[in-house]
Amino acid sequence: MSKPLRLGLAGLGTVGVGVIRIVQNHADLLAARAGRPVEIAAVSARSRSRDRGVDLSGYAWVDDPVVLATRDDIDVFVELMGGEDGPAKAATEAAIAAGKHVVTANKAMLAVYGQALAEAAEAANVALRFEAAVAGGIPVIKALTEGLAGNRIRRVMGVMNGTCNYILTRMENEHVAYDQVFADAQALGYLEADPNLDVGGIDAGHKLALLASIAFGTRVNFDGVQLEGIQRISITDIEQAADMGFRIKLLGVARLTGRGLEQRMQPCLVPADSPLGQLQAATNMVVIEGDSVGQVVLRGAGAGEGPTASAVMGDVMDIARGFRLSTFGQKAASLVDVQPAQAATPAAFYLRLTLKDAPGVLHKITGALADAGVSIDRMRQYSHRDTAAPVLMVTHKTSRAELDHAIEGIVATGVTLEHPVAIRIEEV
Ligand code: HSE
């Protein structure tokens, strides 16, 4: 059998331990599939003494990940430390400079430095791969770069943060408020050390920016992602949206338009009976639309030991088999710099109003909508006991600018008791 592929593993948290388990438990299977053994030569982590439940005795221990990344006895540097820069970036750069292939799960680092790192990897003639960085165990990068390579991609969208989906689905299913479910998610260890990465949409925004680059052949532009988190989603909106046949999801959508690259990560309404609407708990879903294939839906675990390690090993196995692919599916230098679209594609909107209950109030509201050119598709007023009348509307497709103009007009009528809530309805 050929020479083994030797891994240097930096970061022995959940995912690192998962990679060790796969390499140890599936040694025969990996060797048979790759035509050569896949071995771990050396590891690095912050604490040497911590019991991780796996046998590390056969591996060299290296304190400094940069030293690990450049060792003569490794072929692939597996970066599982995380962090946008710092040791992860330093070690990745060192590995590339030393002619090592790199496999990473680090979405933050790639969303910011992906272009430079991909160019460096190409110049050094090594692979830089990151399947585990996007949607955990779902092989979405393979799907886009390989299986769908013959398609012009029209739209990529998905739920790519399991923690947010867990929070939103529990709020709906159990009728509990955001703060309570957030506290549960924290107790369960679902949230990142900085919870804003999850609930602020940043983690999912990183993933969307990476997918958009592959889908559209554009340079990664995380700063161009329009970001909005789930912190302001109320149980009222979840329940009212459900009543109108929708579910609220933190949805990422990317499309290349004549107006530029549209990348949005924001709470959206989707039909409750759609695959995205049906997605429960911490599961992820990515939907890809190609001109030839139509719509492809990928669903799976977006985080956790086994799923994320599975994605890491998919990249490792490509390298072991000698299969080479550019980081973003085409040469980094050929990726184009496209400006962010200034305005999102028009959509229908959910509009929740709390109005004074008095004669002529609805007349004023519909007048403000008409003045802004926004047309109503559906409308409901709920029975109520006090003087505040809850009114829900679904608009016809409109631009966000027109809708904002309408909301200004609605507020100016003086008949609203709370600021109107508007949430985009994404056609899925
Ligand atoms: N915190 C992420 C999630 C997983 O909840 O999906 C890592 O990106």
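Data overview
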item: Filtered residues of region 5-53 (kept if hydroxyl-bearing (Ser, Thr, Tyr) and in contact (Cβ under 8 Å) with a residue 60 or more places away in the chain); result: Thr14
item: Helices (runs of 4 or more DSSP H) wholly inside region 81-197 containing at least 3 residues that are touching a helix residue (DSSP H, G or I) at 6+ places or on another chain (Cβ under 9 Å), among the aliphatic types (A, V, I, L, M) and within 14 Å of the ligand (Cβ to nearest atom); result: 107-123
item: Residues of region 298-325 classified as surrounded by fewer than 19 Cβ atoms within 10 Å (Cβ to Cβ) and either more than 26 Å from Pro275 (Cβ to Cβ) or more than 20 Å from the chain's Cα centre (by Cα) (or both), total; result: 6
item: Options Ile248, Ile230: the member that is in contact (Cβ under 8 Å) with a residue 40 or more places away in the chain, β-branched (Val, Ile, Thr), within 16 Å of the ligand (Cβ to nearest atom) and not in a helix (DSSP H, G or I); result: Ile230
item: Of all residues making up region 361-391, the number that are among the hydroxyl-bearing types (Ser, Thr, Tyr) and either within 14 Å of Pro420 (Cβ to Cβ) or buried (at least 16 other Cβ atoms within 10 Å of the Cβ) (or both); result: 1
item: Leu80 surrounded by 14 or more Cβ atoms within 10 Å (Cβ to Cβ), among the hydrophobic types (A, V, I, L, M, F, W, C) and within 26 Å of Gly302 (Cα to Cα); result: yes
item: Members of region 364-398 that are among the basic types (Lys, Arg), farther than 19 Å from Thr413 by Cβ and touching a helix residue (DSSP H, G or I) at 6+ places or on another chain (Cβ under 9 Å); result: Arg380
item: Residue that is touching a residue at least 60 places away in the same chain (Cβ under 8 Å) and either within 29 Å of Ser234 (Cβ to Cβ) or buried (at least 17 other Cβ atoms within 10 Å of the Cβ) (or both), where the choices are Ala333, Ala343, Ala358; result: Ala343
item: Gly258 within 16 Å of the ligand (Cβ to nearest atom), over 17 Å from Phe349 (Cβ atoms) and either at pLDDT 95 or above or more than 15 Å from the chain's Cα centre (by Cα) (or both); result: no
item: Any hit, region 283-296, residues being in the same structural domain as Leu197 (by TED's automatic domain parsing), surrounded by 14 or more Cβ atoms within 10 Å (Cβ to Cβ) and small (Gly, Ala, Ser); result: yes
item: Close pairs (7 angstrom Cβ cut-off, 6 or more residues apart or separate chains): open to solvent by 10 Å² or more (accessible area, probe 1.4 Å) in region 155-168, of a type in the set (Phe, Trp, Tyr) and within 8 Å of the ligand (Cβ to nearest atom) anywhere; result: Thr163/Tyr190; Tyr166/Tyr190
item: Criterion violated by Asp203 - all others in (1) buried (at least 17 other Cβ atoms within 10 Å of the Cβ); (2) among the acidic types (Asp, Glu); (3) more than 16 Å from the ligand (Cβ to nearest atom) satisfied; result: (3)
item: Search result, residues across region 171-228 that are β-branched (Val, Ile, Thr) and over 19 Å from Lys249 (Cα atoms); result: Ile214, Thr218, Val220
item: Single match in Arg48, Arg52, Arg71 (criterion: modelled with pLDDT of 95 or more, over 24 Å from Glu93 (Cβ atoms) and surrounded by fewer than 21 Cβ atoms within 10 Å (Cβ to Cβ)); result: Arg52
item: Every residue from region 392-428 that is of a type outside the set (Ser, Thr, Tyr), open to solvent by less than 80 Å² (accessible area, probe 1.4 Å) and farther than 11 Å from Tyr350 by Cα; result: Ala401, Glu402, Asp404, Ala406, Ile407, Gly409, Ile410, Val411, Gly414, Val415, Val428
item: Qualifying positions in region 401-410 - over 21 Å from Met244 (Cα atoms) and within 30 Å of the chain's Cα centre (by Cα); result: Ala401, Glu402, Asp404
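The values are calculated or read from the model by the stated rules, or taken from the named source; none is laboratory data. Keep in mind that this is a model prediction, so the values were computed, not measured. Don't worry about glycine lacking a Cβ; one is built from the backbone with ideal geometry, like all the others, and counts go over all protein chains shown. All accessible areas refer to the heavy atoms of the entire protein, side chains included, with ligands and DNA or RNA removed. Shrake-Rupley method; radii C 1.70, N 1.55, O 1.52, S 1.80 Å.
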